[in-house]
1. Which residues, taken from the range 226-278, are under 20 Å from P154 (Cβ atoms) and in contact with a Leu (Cβ under 7 Å, 6 or more places away or on another chain)?
2. Please state which of the following conditions S264 fails to meet, knowing it meets all the rest: (1) modelled with pLDDT under 85; (2) touching a strand residue (DSSP E or B) at 6+ places or on another chain (Cβ under 8 Å).
3. Scan the range 114-162 residue by residue and report those that are touching a strand residue (DSSP E or B) at 6+ places or on another chain (Cβ under 7 Å), aliphatic (A, V, I, L, M) and within 25 Å of G21 (Cβ to Cβ).
4. When the range 116-135 is examined, which residues are found to be small (G, A, S) and over 30 Å from I104 (Cα atoms)?
5. What residue, of G220, G254, is out of contact with any Ser or Thr (no Cβ under 6 Å at 6 or more places or on another chain), part of a strand (DSSP E or B) and closer than 24 Å to Q68 by Cα?
6. For the range 111-159, give me each residue that is in a loop (DSSP other than H, G, I, E, B) and among the charged types (D, E, K, R).
7. Going through the range 55-112 one residue at a time, which ones are of a type in the set (K, R) and more than 21 Å from W272 (Cα to Cα)?
Amino acid sequence: MVQGQFTGYGGGFNSPVITPGIQNGQWNLAYWVVPVPLPFGETVLQATDREISLLKARMNDVYAVTRQNMARLMFTNNSANPLFPNSFQDAFDNGTNFPTYGGISRNAAGNSAFQGQYINLNSGTFSLGTVGFTRSSMATLLAKVTDTAGGEAPTYVVMSPGDYATLNKDFIGNEQQVVYPGQTGSYNMDSGARSSFPNLTVSGIPIFADHFCPQGNVFGVNVKYTAFYMSEDAAFDFSGFYSLVPLGQIGQQGVVVCGYDIVSAKSSSGFWGYNLSSASAAF
């Protein structure tokens with residue numbers, strides 16, 4: 001959007017030129033709704049004749065259903081349904097599967113920032129289809145991704161539990177239990193021994209396992225440019241219960257509404273690695 005220049009002892013410089021360095025990316029909010037019924041019979045019974053409030057159980061399940069649906073759609077191709085949110089797949093694709101993102105053509109000249117890093121993990125530098133990730137191969141991938149992103153490393157990496165377990169095997173062999181002086185072992189009744197890790201760190205970048213991430217796919221996200229955007233006007237808002245009497249029924253009904261989307265303003269800052277088919281045999 002601006003241009004720099006060197007100046008001499010006199011301090012002169014050229015007048016600035018207006019450079020159109022911004023494009024408008026546009027993403028549609030996905031509105032997720034969960035209707036909550038409260039029939040007439042339940043209203044009467046729950047007033048006195050109950051052990052556990054069925055209404056509380058339903059409201060708790062609203063959270064569970066919503067969380068699971070959001071987590072699943074975060075890693076899938078949702079382009080076939082315009083009502084669905086965007087995902088990590090189209091956020092970090094390079095134009096192969098999603099040539100347009102946020103209304104911007106990835107293949108047009110000057111739009112390299114919207115071309116994500118779509119990496120085949122079983123060809124070229126990364127032949128990981130049979131051996132899976134090791135610390136060395138993961139460090140190589142992260143170095144490549146960081147360099148391609150202009151020197152900015154991903155904030156975190158996420159993969160399936162099976163692929164995570166394969167990488168974790170390369171860490172467990174070097175894990176140590178420290179024996180402190182005065183103790184008979186490396187742990188006592190108050191401190192359990194740790195085996196394996198809740199997350200792995202390679203090149204200073206945490207790597208997590210996610211149940212909803214499809215096997216064979218790995219995603220790296222830089223949260224400076226990628227966010228889970230949620231509307232302030234539809235952030236898990238509950239309508240309250242309304243009577244169904246106008247519809248000829250004694251009862252009530254409410255609905256929970258959430259408007260959100262996954263948006264990346266710089267697709268090149270992250271990556272989508274695919275074709276990793278070496279999950280742990282346990283899976």
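The values are calculated or read from the model by the stated rules, or taken from the named source; none is laboratory data. Please read all numbers here as calculations on a predicted model, not as lab measurements. Cβ coordinates were reconstructed from backbone atoms using ideal geometry, including for glycine residues, and neighbour counts include every protein chain displayed.
1. G273, Y274, N275, L276
2. Only one criterion is unmet by S264, namely (1).
3. Result: V145, A153.
4. Going residue by residue through the range 116-135, those that are small (G, A, S) are 116, 123-124, 127, 129, 132.
Of everything in the range 116-135, those that are small (G, A, S) and over 30 Å from I104 (Cα atoms) turn out to be S127, G129, G132.
5. Answer to the check: G220.
6. Let us first name the residues in the range 111-159 that are in a loop (DSSP other than H, G, I, E, B), namely 111, 115-116, 121, 124-125, 128-134, 149-155.
Within the range 111-159, just E152 meets the criteria.
7. Initial filter on the range 55-112 (of a type in the set (K, R)): 56, 58, 67, 72, 106.
Passing the criteria: K56, R58, R67.
Yes/no matrix, rows are residues, columns are (1) at pLDDT below 90; (2) surrounded by 15 or more Cβ atoms within 10 Å (Cβ to Cβ); (3) farther than 30 Å from W27 by Cα; (4) of a type in the set (F, W, Y):
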{"site": "F88", "(1), (2), (3), (4)": "no, yes, no, yes"}
{"site": "A91", "(1), (2), (3), (4)": "no, yes, no, no"}
{"site": "G95", "(1), (2), (3), (4)": "no, yes, no, no"}
{"site": "G102", "(1), (2), (3), (4)": "no, yes, no, no"}
{"site": "Y118", "(1), (2), (3), (4)": "no, yes, no, yes"}
{"site": "G124", "(1), (2), (3), (4)": "yes, no, yes, no"}
{"site": "M138", "(1), (2), (3), (4)": "no, yes, yes, no"}
{"site": "L141", "(1), (2), (3), (4)": "no, yes, no, no"}
